[in-house]
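Read-outs: derived from the displayed coordinates by stated rules, not from any lab. Quick caveat: nothing in here was measured; it's all calculated off a predicted structure. Note that we place each Cβ from the backbone using ideal geometry, even for glycine, and neighbour counts take in every protein chain shown.
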Amino acid sequence: MSAVTEDVKQSVRLSEIGQIALTVRDLQRAKDFYQNTLGMQLLFEAGGMVFFQCGAIRLMLGTSEKAVSNEGTILYFRVEDIHRVHSALKDRGARIVQEPHVAARMKSHDLWLSFLRDPEGNTLALMSEIGRTQPVEKGQ
């Protein structure tokens, strides 16, 4: 391997997602869900695509002429109070797949997850890292 190739290899480190794209069948229905049910900030629309700001990440929804499979892609939204956000989304008519639950017990906190689906069948997750006053003992 040449020195130039090794330098390039060492300098490239992908570490931050700038945009996530989801393919949808009904763009207007998906736009309404992300904007009005989830309360995301609409940035702009362009050529069969809709863009939302989601913290430091931009979310793009777009249509495709090919068959759409919504399996395998999950967007995880970090929230402070998973129970409150889950309840609010349920009240807004979001289709809940799984109630908030502890997914992993870490040394200093618990990782809570809850899952829902958008109108296109895409899986979305709420995640919350909730600190504990007592650390987990080995083997728990």
Study note, to complete from the structure: Residues whose built amide H sits under 5 Å from the amide H of residue 77, excluding neighbours closer than 5 in sequence, are 125, 126, 127
Check your understanding: At residue 111 and residue 15, where each label point lies 7 Å from the Cα along Cα→Cβ, what is the point-to-point distance in nanometres?
Key -> 2.0
Point to revise | Dipole in debye (nearest 20) - region 18-131, about Cα centre, beta carbon charges: Lys, Arg +1; Asp, Glu -1 | key: 60
Check your understanding: What ranking of 86, 109, 101 emerges when the number of other C-beta atoms within 10 Å of each C-beta is taken as an exposure proxy, fewest first?
Key -> 101, 109, 86
Check your understanding: Whose amide H sits under 5 Å from the amide H of residue 95, counting only residues 5 or more places off or on another chain, with H placed in the peptide plane?
Key -> 117
Review point. Residue by residue through region 91-107, which ³J(HN,Hα) values in whole Hz follow from phi under the Karplus form 6.51 cos²θ - 1.76 cosθ + 1.60 (θ = phi - 60°), with glycine and proline marked x?
Key: 4, 7, x, 5, 7, 7, 9, 8, 5, x, 7, 6, 9, 7, 9, 8, 4
Revision key, fill the gap. Applied in sequence order to region 115-131, the curve 6.51 cos²θ - 1.76 cosθ + 1.60 (Karplus, θ = phi - 60°) yields integer Hz couplings, x standing for Gly and Pro, of 10, 9, 10, 7, x, 8, x, 5, 8, 10, 10, 9, 9, 9, 9, 10, x
**Study point:** Neighbour-count ranking [beta-carbon atoms within 10 angstrom, fewest first] of 34, 76
**Key:** 76, 34
